[in-house]
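Structure first, commentary second.
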Amino acid sequence: DHIMKTVYNLKRTMRDKLRNGKFPGSHVAYGYAFNRELRNIVPDPVEAPIIRKIFQEVAEKELPARAVAERLAEYGRPNTKGSLMSKSSVQKLLSNKIYIGVIKWKGELYEGKFTPLISPALFQKVQEVIKKRSKPRRVKPRHDFPFRGHFHCSCGASITAQWGHGHGGPYRYYRCTRKISACT
């Protein structure tokens, strides 16, 4: 019961911080530092100009993620292991709404009461560049096997389906998975 009250109080504290526009988390985004007196995040004097410069360059030159990672490394921001940041990390950094003063917490957006590093217009331009440069995922066509998962073999194993290719073109057939024992 005591533990449940503690958990509830922590959640309430987080909600209160978010409603007041204060950053509730422990991991502060690159470009910001936590100020204990204000109990909120403030622009880091070294990292904030780098973030502004990166967003500006991406918006103007439409840099790919790899070039952004190289640029960040030049400015002294490699990943934690000392090598270049991954493309996904760069994309996450460029898509972080905290830089326009919005806190995203557990899927909800809250207006922050701290200094944003970039304008919403610049952020939107960078999002358009990311979308323009991204490649959509190839989606495999789904197989149409209507009887898959409905039948079992006499040995007890499941019946699966697959495509075969013969002189008449592609055809589907069903077979035993043979996962239990030798099958006749």
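The values are calculated or read from the model by the stated rules, or taken from the named source; none is laboratory data. Since we're looking at a predicted model, the values are computed, not measured. Neighbour counts are summed over all protein chains in view; Cβ atoms, including those assigned to glycine, are modelled from backbone coordinates with ideal geometry. Note: accessible area is taken over every heavy atom of the protein model, side chains too, but ligands, DNA and RNA are not part of it. Shrake-Rupley method; radii C 1.70, N 1.55, O 1.52, S 1.80 Å.
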Only one residue in Gly164, Gly168, Gly82, Gly156 is open to solvent by 60 Å² or more (accessible area, probe 1.4 Å) and either farther than 18 Å from His27 by Cα or basic (Lys, Arg) (or both). Which one?
Gly168
Which of the residues spanning region 174-184 are open to solvent by 60 Å² or more (accessible area, probe 1.4 Å) and either closer than 15 Å to His150 by Cβ or of a type in the set (Val, Ile, Thr) (or both)?
Tyr174, Arg175, Ile180, Thr184
List every residue pair whose Cβ atoms lie under 8 Å apart, where the two residues are 6 or more positions apart in sequence or sit on different chains, the first residue falls within region 138-149 and is open to solvent by 100 Å² or more (accessible area, probe 1.4 Å), and the second residue, located anywhere, is of a type outside the set (A, V, I, L, M, F, W, C).
His143/Arg172; Phe147/Tyr174; Arg148/Thr160; Arg148/Tyr174
Close pairs (6 angstrom Cβ cut-off, 6 or more residues apart or separate chains): surrounded by 15 or more Cβ atoms within 10 Å (Cβ to Cβ) in region 121-132, of a type in the set (D, E, K, R) anywhere:
Val129/Glu62
Strands (runs of 3 or more DSSP E) enclosed by region 16-118 - at least 1 residues per element that are free of Cβ contacts under 8 Å to residues at least 60 places away in the same chain:
32-35, 102-105, 108-111
Please count how many residues of region 123-144 are part of a helix (DSSP H, G or I) and among the acidic types (Asp, Glu).
1
Region 85-115, residues that are closer than 15 Å to Ile54 by Cβ and open to solvent by less than 80 Å² (accessible area, probe 1.4 Å):
Met85, Ser89, Val90, Leu93, Leu94, Ser95, Asn96, Ile98, Tyr99, Ile100
